Each structure stands twice: as C-alpha cells, then as structure tokens.
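Following: one structure in structure tokens, then a few remarks.
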Amino acid sequence: MADIAIAQLSEWKGVRGKIAFSEPMSTYTSLKVGGPADLYFAPVDAEDLAEILTLCQKRGIEWLPFGGGCNLLVTGKGIRGAVIHLKHLILSGASGGVLDALRQWELFPGEEIRLRLSAALALPRLLNLALERGWGGVEFLAGIPGTVGGAVAMNAGTRLGEFGDVVESVEILAVEGRFIHLPAEDLFFSYRHCELPAGSAVISAEISLYAHPDPREMRAKTAEYMQYRRESQPLSKPNCGSVFKNPPGYKAGALIEECGLKGQRIGDAQISDLHGNFIVNLGEAKSEDVLALIELAKGVVCRELKIELEEEVRIVGEK
Ligand code: EPU
C-alpha cells in the first residue's frame, strides 16, 4: 500500500500539510503506543483536507480521521490506509465573526456568546479562553485533554456535563468529500457517543456559552475540580483516559478495584493503582499489552461480578 502511494508521490504535491509514510502512531497517541499508519496526512485547512480526500478516493485508500489521540488505542500492526490528523486544521471561510490569531476559534458578534471552533482546537485552550472571559458552559472540560473534533465525536464529558450540551451545530466532511452542516439535533448525543455519519471528520463546531454571573467563583470551582482529577487520576503518566464506560448504576473503576486488579501489569502496561479505569504506560508498553489488560479486566469483572464492561477507548488498526 505504502509502495503504491510512494510511486504516486507526484500526485500528492498539491497537499500543503505534512505527508508521511509508515508513520508510527505512538508519536500521536496520549498512551504512546500504536503501530504505523501506511499514510499520514496533517491537512492545514478544509481545502487541503478536501484535496487529500479526493486523492484517497481516486486511489481507493481508506482513511481514518484522527484528533488529539487521547481516547484511542492503535493496534501494534497499525493502520492500513491513511490517517488524517486534524490537529493543524484552521478555520476557513469568512463567517462574519472575530477570528483569533491562530484561526482556531471565532466569536460571533451579538448578545449571546456563540463561537465557531476548529476541530483542532485543544480543549484545555477552550477552557482557558472561557475562564479568562467569564463564559460559563464548559467548566466540565477541566482536566480533559484532546480536541474539539474528538470531543464532538465522543461526546466528551464528565459528571459535570458533556460536550453535546453546548454544541449548536457542526460542520463535517463526509466520506464522499462533501462538506455538510449538521444541527446538534441530528447528532443524537448520548453517553460518550454521537451519530456522526460513518467515516466523516468533524471540521468545526459551533457552540453556545453564557456570561457567567460570578466568573471568580467559576474559576475557583474549576481549579478545585482540576485538583480532584489530579489527585484521583494518573494524569502524569501516558494514558488514554477512561478505558471503559461506566456500566449503568456502576463505576468501572470501582468494579476493577473490587476485583483486586489495580496495579496489575502486563509488560509495561499497568492498570493504574490510583484509578482502576485507567491503564498507564510505564515506559515501553506495547498495544498488545494494553489490549491484554483490557481483556483481563473484562474477563475477571464478568466472571466475578457478572457485569459486562464495554470499552470507552476506541480501538483502531489492523488486528
Ligand atoms: N472508584 C473506585 N476505585 C477506583 C476509581 C474510582 O472505587 O479505582 C470510585 C470512587 O468511589 C469514585 C467513583 O468511583 O468516587 C467515581 O470515580 P471518578 O470520580 O474518578 O469518576 P469516573 O466515573 O471513574 C468519570 C469519567 C471521567 C471523568 C471523571 C470525573 C467515565 C467513563 N469517565 O470517571 O472521564 O474524568 O468521571 O468527572 O464516564 C474519560 O472519559 O476519559 C474520563 C477521564
């Protein structure tokens, strides 16, 4: 596959963003594991992305949109086809608002606080922006890594709220290369899930926030919540966020703890001894080690507690 692409390298000349072959995905995932993608593209804007998709379609190359890589587990064999990394995507098209210097967010004039965000905008940056300006509505993002695109696709959230609560609409690039504007109602946001058309990539999202009546209190509460997360989750080690969804009525971390699995290690992958629903990379962990730990936790919890755990982390790549 990569050979075909290299042979046709001249075709990719029009692409402005980074192109690479056999690119190790461990570089781009927060867990720091994952085999190579045959092709890797990091388009700079929607036009560049459209160009790449047209070429992929012409060559029959499958593609996978890739955001912050924070809730993703790439298998050791890696990804056949192309990974389209949206981390450099800037907003394109004049929408009449005020764009920030990096063209990653745009504020529309008016009484309501309405923003258009690039899919590449980092969630911590969005949170900081809101805290600085006294805009309420995204405090739940405290401590969540990743990007706006990923937050839409996974309906990222905590028990304080989720991204679908603030989204008004999204712009996506559908698999056939068409840009489509979808209102939030069409996305059917639910727990860590939304109904994006298969194979599509989120390009931008419009969100609504509100003027918080007490920004100082908002900042203090958010700082407190960040502290709670730092103390209860192993955020200083490479991880992929919550590994499992919380089964209805239960907490996955507590179930794993009850089964005595905290601290279990396979290779350099370990079920965190701080939080049972996190797997951390102690150094040289391989995807296979992480996958084996996932299977171990599912098996033990099912056998001992008769409860099925379902992955929240998205597993991608050749099995
Ligand atoms: N608990 C244990 N043992 C553990 C871990 C947790 O007993 O090892 C119990 C504790 O009693 C704790 C309770 O479970 O009070 C809940 O734990 P926590 O507050 O950490 O929340 P969570 O349900 O495990 C969810 C999200 C996290 C988010 C936190 C905090 C899911 C699957 N996860 O975790 O989201 O950070 O709430 O709001 O909904 C993510 O999605 O990637 C993520 C990190």
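Tabulated values for the structure
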| quantity | calculated |
| --- | --- |
| Qualifying residues in the range 229-249 (those that are part of a helix (DSSP H, G or I) and open to solvent by less than 70 Å² (accessible area, probe 1.4 Å)) - the one nearest to Leu291 (Cα to Cα) | Ser232 |
| Unique residue being within 12 Å of the ligand (Cβ to nearest atom), surrounded by 18 or more Cβ atoms within 10 Å (Cβ to Cβ) and either of a type in the set (Val, Ile, Thr) or closer than 29 Å to Leu127 by Cβ (or both) when the list is Ala285, Ala252 | Ala252 |
| Which numbered condition Thr147 misses (of (1) among the hydroxyl-bearing types (Ser, Thr, Tyr); (2) closer than 14 Å to Arg192 by Cα; (3) open to solvent by less than 20 Å² (accessible area, probe 1.4 Å)) | (2) |
| Of residues in the range 116-132 being under 27 Å from Arg229 (Cα atoms) and touching a residue at least 60 places away in the same chain (Cβ under 8 Å), the one nearest to the ligand (Cβ to nearest atom) | Leu127 |
| Condition check for Ser30: free of Cβ contacts under 8 Å to residues at least 24 places away in the same chain and surrounded by fewer than 21 Cβ atoms within 10 Å (Cβ to Cβ) | no |
| Cross-chain or 6+ apart pairs with Cβ under 8 Å, the range 72-83 first and more than 14 Å from Gly199 (Cα to Cα), then basic (Lys, Arg) and surrounded by fewer than 24 Cβ atoms within 10 Å (Cβ to Cβ) | Leu72/Arg314; Leu73/Arg314; Thr75/Lys319; Gly76/Lys286; Lys77/Lys319 |
| The range 1-27: number of residues that are modelled with pLDDT of 90 or more, part of a loop (DSSP other than H, G, I, E, B) and either farther than 19 Å from Val44 by Cα or open to solvent by 30 Å² or more (accessible area, probe 1.4 Å) (or both) | 1 |
| Output for the range 255-282, where each listed residue is open to solvent by 20 Å² or more (accessible area, probe 1.4 Å), in contact with an Asp or Glu (Cβ under 6 Å, 6 or more places away or on another chain) and within 8 Å of the ligand (Cβ to nearest atom) | Lys262 |
| Residue match in the range 208-228 (condition: open to solvent by less than 20 Å² (accessible area, probe 1.4 Å), in contact (Cβ under 8 Å) with a residue 12 or more places away in the chain and within 27 Å of Val33 (Cα to Cα)) | no |
| Filter result (assigned to a loop (DSSP other than H, G, I, E, B) and either open to solvent by 30 Å² or more (accessible area, probe 1.4 Å) or not hydroxyl-bearing (Ser, Thr, Tyr) (or both)) within the range 41-75 | Pro43, Val44, Asp45, Gly60, Ile61, Glu62, Gly67, Gly68, Gly69, Cys70, Asn71 |
| Residue in the range 169-178 that is without any contact (Cβ under 8 Å) to a residue 12 or more places away in the chain, over 30 Å from Ile271 (Cα atoms) and more than 15 Å from the chain's Cα centre (by Cα) present | yes |
| The listed residue being under 19 Å from Val243 (Cα atoms) and without any contact (Cβ under 8 Å) to a residue 40 or more places away in the chain, out of Glu162, Glu106 | Glu162 |
| Residue that is least open to solvent (accessible area, probe 1.4 Å), among those in the range 301-319 that are away from the ligand (no atom under 14 Å from the Cβ) and assigned to a helix (DSSP H, G or I) | Cys302 |
| Residues (away from the ligand (no atom under 16 Å from the Cβ) and part of a loop (DSSP other than H, G, I, E, B)) located in the range 167-192 | Ala174, Val175, Glu176, Gly177, Arg178, Phe188 |
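The values are calculated or read from the model by the stated rules, or taken from the named source; none is laboratory data. Note that this is a predicted model, so its numbers are computed, not measured. Quick reminder, even Gly has a Cβ in these numbers, built from the backbone with ideal geometry, and neighbours come from all protein chains shown. Remember, those area values only see protein heavy atoms, side chains included, never the ligands or the DNA or RNA. Shrake-Rupley method; radii C 1.70, N 1.55, O 1.52, S 1.80 Å.
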